[in-house]
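Quick one: structure below, then a few questions.
The values are calculated or read from the model by the stated rules, or taken from the named source; none is laboratory data. The structure displayed is predicted, hence computed values, not measured ones. Methodologically, a virtual Cβ is constructed for each residue, glycine included, from the backbone with ideal geometry; neighbour enumeration extends over all protein chains shown. Note: accessible area is taken over every heavy atom of the protein model, side chains too, but ligands, DNA and RNA are not part of it. Shrake-Rupley method; radii C 1.70, N 1.55, O 1.52, S 1.80 Å.
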Amino acid sequence: MKYPIQLFIALLITLTTSCQSDDDGGGDPISQLPEATQTGENTAGCLVDGVPLTPKSNGGINSVFQCFYQQVDGEFFFNISFTDNTGEDNLNVSVRSRMMEISEGETYILNIGAFSESGYGAVYGGSSTSFYSTSTNNTGQLTISKLDFNNNIVSGTFFFDAVNNSGETVSITEGRFDAQFTQ
């Protein structure tokens, strides 16, 4: 009669140690991104060369998520930027429009380098050699699915290819965000 109790305990231990939750979405990179919502959840994510990237903090004071849509000197500037600073590179993805107004339901081409007029996408990490930006040859799109000025909510999707000074490219796909923006 000892064996049924020992068998039960062994089975319980086996189930407890083998049935751990699968926080990485079962290996599917897209399932590891936040849902595409439009309620101001302050979420963002994308795939960087097929690897999921979402805002994550290492516990420091560095900001990992920013969103603003502001009018400065009569021109409009939009930015969604998020960082995973838990790794070595502190990888950051930014999508911005410079000197242009955005509207709900519109799609914008990301085809200009950083710090130029119009829209662009950028990926950068801890070193200066890891700065990638869209260009006239490496482009993408930003789509604004919701823009609510009463509640300061902006939601949308994006994708782009970006290149660094050495000609290496990075592909950003499945990008999505749902944020409360500052003005």
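If we scan the stretch 7-29, do we find a residue that is modelled with pLDDT of 50 or more, under 11 Å from residue 175 (Cα atoms) and not charged (D, E, K, R)? It would help to see each step written out before you state the result.
If we filter the stretch 7-29 for residues that are modelled with pLDDT of 50 or more, which is where we start, we get 26-29.
With the extra rule that they be under 11 Å from residue 175 (Cα atoms), the set shrinks to none.
No, the stretch 7-29 contains no residue that is modelled with pLDDT of 50 or more, under 11 Å from residue 175 (Cα atoms) and not charged (D, E, K, R).
For residues in the stretch 149-166 being open to solvent by 40 Å² or more (accessible area, probe 1.4 Å) and not in a loop (DSSP other than H, G, I, E, B), which is nearest to residue 65 (Cα to Cα)?
157
Which is surrounded by fewer than 20 Cβ atoms within 10 Å (Cβ to Cβ), modelled with pLDDT of 95 or more and of a type outside the set (A, V, I, L, M), of 143, 139, 129, 169?
Numbers: 139 fails: modelled with pLDDT of 95 or more; 129 fails: modelled with pLDDT of 95 or more; 169 fails: modelled with pLDDT of 95 or more.
That would be 143, the only listed residue that is surrounded by fewer than 20 Cβ atoms within 10 Å (Cβ to Cβ), modelled with pLDDT of 95 or more and of a type outside the set (A, V, I, L, M).
Another question, then. Counting only residues that are farther than 14 Å from residue 175 by Cβ and open to solvent by less than 80 Å² (accessible area, probe 1.4 Å), how many does the stretch 53-64 have? Outline the logic, then answer.
Taking the stretch 53-64 as the starting set, the residues that turn out to be farther than 14 Å from residue 175 by Cβ are 56-64.
From what's left, open to solvent by less than 80 Å² (accessible area, probe 1.4 Å): 57, 59-60, 63-64.
Total satisfying the criteria: 5.
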